[in-house]
1. Could you check, for the range A:30-40, whether at least one of its residues is in contact with a strand residue (DSSP E or B) (Cβ under 9 Å, 6 or more places away or on another chain), open to solvent by 10 Å² or more (accessible area, probe 1.4 Å), assigned to a loop (DSSP other than H, G, I, E, B) and closer than 24 Å to B:Ile344 by Cβ?
2. Considering each of B:Glu230, B:Glu211 in turn, give the residue that is in contact with a Phe, Trp or Tyr (Cβ under 6 Å, 6 or more places away or on another chain) and open to solvent by 10 Å² or more (accessible area, probe 1.4 Å).
3. Would you confirm whether any residue within the range A:120-137 is basic (Lys, Arg) and in contact (Cβ under 8 Å) with a residue 60 or more places away in the chain?
4. Can you find, within the range B:290-327, the residue that is farthest from A:Asp306 (Cα to Cα) among those that are polar (S, T, N, Q) and either out of contact with any Gly (no Cβ under 9 Å at 6 or more places or on another chain) or within 14 Å of another protein chain (Cβ to nearest Cβ) (or both)?
5. Could you say which residue among A:Val376, A:Val317, A:Val362 is open to solvent by less than 60 Å² (accessible area, probe 1.4 Å) and either free of Cβ contacts under 8 Å to residues at least 24 places away in the same chain or within 23 Å of A:Ala43 (Cβ to Cβ) (or both)?
6. Scan A:Asn79, A:Asn8, A:Asn65 and give me the residue that is within 14 Å of another protein chain (Cβ to nearest Cβ) and either at pLDDT 95 or above or part of a loop (DSSP other than H, G, I, E, B) (or both).
7. Residue check, A:Leu300 against (1) out of contact with any strand residue (DSSP E or B) (no Cβ under 9 Å at 6 or more places or on another chain); (2) open to solvent by 10 Å² or more (accessible area, probe 1.4 Å), all met but one. Which one?
8. Go through (1) within 12 Å of another protein chain (Cβ to nearest Cβ); (2) polar (S, T, N, Q); (3) touching a residue at least 40 places away in the same chain (Cβ under 8 Å) one by one and return the number of the condition A:Asn276 breaks.
There are 2 protein chains.
Amino acid sequence: MKNYFSSNFKLGILGGGQLGKMLLYNTRKFDIYTCVLDATKDAPCKIACDEFHLGDLMDYQAVFNFGKQVDVLTIEIENVNVDALEDLEKEGVKVYPASKTLRTIQNKAKQKLFYVDNSIPTAPFSRFAYLSEIEDTISNGGLNFPFVWKAAQFGYDGNGVKIVRKLSDLEGLPKGECIAENLVPFKNELAVIVARNASGETKSYPVVEMEFHPEANQVEYVICPARISEDLAKKAEDVALKTSRAFHHVGLLAVEMFQTEDDQILVNEVAPRPHNSGHQTIEASYTSQFEQHLRAILDLPLGRTDSKVGGVMVNLVGAEGYTGDVFYEHIENIMKMDGVTPHIYGKKQTRPFRKMGHVTIVNEDLNEARRVAEQVKKTIKVISK
Amino acid sequence: MKNYFSSNFKLGILGGGQLGKMLLYNTRKFDIYTCVLDATKDAPCKIACDEFHLGDLMDYQAVFNFGKQVDVLTIEIENVNVDALEDLEKEGVKVYPASKTLRTIQNKAKQKLFYVDNSIPTAPFSRFAYLSEIEDTISNGGLNFPFVWKAAQFGYDGNGVKIVRKLSDLEGLPKGECIAENLVPFKNELAVIVARNASGETKSYPVVEMEFHPEANQVEYVICPARISEDLAKKAEDVALKTSRAFHHVGLLAVEMFQTEDDQILVNEVAPRPHNSGHQTIEASYTSQFEQHLRAILDLPLGRTDSKVGGVMVNLVGAEGYTGDVFYEHIENIMKMDGVTPHIYGKKQTRPFRKMGHVTIVNEDLNEARRVAEQVKKTIKVISK
């Protein structure tokens, strides 16, 4: 095994955002030399890496030239040029997640077909090359309201997803490739992060429960562990591990799932990287998801994935009605509460529902953590000055 | 209260070493703009701060000019120009620790007199302006062997300290100001870190136990919490809090103490900053010492100081007989062990007993953590290639 701690080894990261920055802090523990590629001159990662390279993540040449200089290449965002990754793999660069995995994940139609091919439970769906085909299928009686429209590509944080209850709901949607998914009534949204290193060692984090904001379709609370039965937790973990095996992924794979009304587990989507549903691991787990991702892609032994204490994460998003220079109203009041750590991402401008940071609440008693989380949510307000 | 999270606020740190680097990671959580002054071009902090300034920490003008540009100024090393700090205080810069505190701490004779003046228990001692005065006092019968010689200034990590059992042990010691301290037989070395913010809110971390390397006089293990009776822990905590009150310090104050054979607590020395005896707080405590130092000097509410799990810290020092390009032999083997996180400081060259990093071991069972710590110590070796 290569001794990363004492060599001229270089780790490359595609994307210079907040996830990359949190990953970079952990490279410092291991004294790893890091290079970051991002198209934004003042990307959050700039201050935390050894080398910052300016370039478009979707541009073949930018990604290929950057990747050629590093030993291991990883991502903090899925929307990168996969052709470049494929050619880098041929050149001997270790790319985690692999180009093949990313190609499947980048396209939601392909991702859904992958689940079907691998007998991974997922909500029934149909693929359409164009939005207009949906309208045709509805008029032919081949598709009934309500259903969930999803753009095949470039959706994130609830963008590119819409519940369609009547024909006019389709107005204004992008015209391109999409899927129509059955609207499955569910009790809970769950997630499991699976870590797998290049040698195949696999560990999974406890099942977490995600409470969503009803309007913004963004995660409002992540609760670790999920308040579900042991049987159901086992079932969710098994589905996540099966998904991980199917992808043969290296690094982290965050598997988002629905718990249906009749307690079936359906895979919604996956992310092959550190994920919003794992931020509470920094304070609550034996090994943070960021350290774990590094251990996995560097083929080091994986760390413990169980929790020291109960953890709840609250996303800090811009309040409705405020756009401009950000001000964190009452942040000092939430810091008085037990077990509260704010993580401010350093974005200078706020706008409604923009992700500006997150707050972790830890406590030996999960219910107490959840109670404090609600206080946090009621107290702090991300506004403009 | 100033909202540090949304302003043009600047935090200055004197010293660009490893402690500063760990402090800087935590400023990122709060999105604090940071400036660092250090005399070394490639200081560890350089990669983690917003502005890096080159300058000698003992130089009045360098420290004053640097300090004038920031709102709050702190240190990661005690040996800085205190006259400059005093003048910066007059100019309205918030300096934590205060120049007065640092002036007392920088000189061990003054520090000991401070304890006596404030009725803080400490080992009996005599102060000498020159080493030659010790020899005179011995020949006059005014001082008996054995005793502990300590240089009044610029000692660190066991440098500047020597047990003197016979006259010839004084040979080769620095000629300047020093103290001779009674050699007190002790069972344990203990430490308590006290946090105090500018508004006076005070919290103390649990008492830790330090096991020293018999030859190098460096801490080998830090064990949190100390395996001592509740009564004794209370006594140590009370002494630490009394010391903190006497200094009126703001920030962290690490109070190192001896537990004598008859269970008295004697203060050995203090450090007004994050300290080696608190590194395990990163993984074991609700609030890491670095986050706590920031909360304190920014006058934010202090975080919980109790532990999530038991924690043991092992210092990683260069193995005897090896000098040159560092190689961390068997580091991947310690990472297989439960609850182990290495922190590699990134120094390129090793030499015997040089501090190259530390390893934290956490476990719900402290004895198990201590057992794993011994395995860690036996397994990893910091050598040269």
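The values are calculated or read from the model by the stated rules, or taken from the named source; none is laboratory data. Source: prediction; values computed, not measured. Please note: Cβ atoms are built from the backbone with ideal geometry, for glycine as well, and neighbour counts cover all protein chains shown. With ligands, DNA and RNA removed, areas are computed over all heavy atoms of the protein, side chains included. Shrake-Rupley method; radii C 1.70, N 1.55, O 1.52, S 1.80 Å.
1. Within the range A:30-40 (the criterion being in contact with a strand residue (DSSP E or B) (Cβ under 9 Å, 6 or more places away or on another chain), open to solvent by 10 Å² or more (accessible area, probe 1.4 Å), assigned to a loop (DSSP other than H, G, I, E, B) and closer than 24 Å to B:Ile344 by Cβ), the answer is yes, since at least one residue qualifies.
2. Only one candidate passes the filter, namely B:Glu211.
3. Scanning the range A:120-137 turns up no residue that is basic (Lys, Arg) and in contact (Cβ under 8 Å) with a residue 60 or more places away in the chain.
4. Per the stated criteria, the residue is B:Thr323.
5. Numbers: A:Val376 fails: either free of Cβ contacts under 8 Å to residues at least 24 places away in the same chain or within 23 Å of A:Ala43 (Cβ to Cβ) (or both); A:Val362 fails: either free of Cβ contacts under 8 Å to residues at least 24 places away in the same chain or within 23 Å of A:Ala43 (Cβ to Cβ) (or both).
None of the others qualify; the one that does is A:Val317.
6. On the way: A:Asn79 fails: within 14 Å of another protein chain (Cβ to nearest Cβ); A:Asn65 fails: within 14 Å of another protein chain (Cβ to nearest Cβ).
The match here is A:Asn8.
7. For A:Leu300, the exception is condition (2).
8. Just one mismatch for A:Asn276, condition (1).
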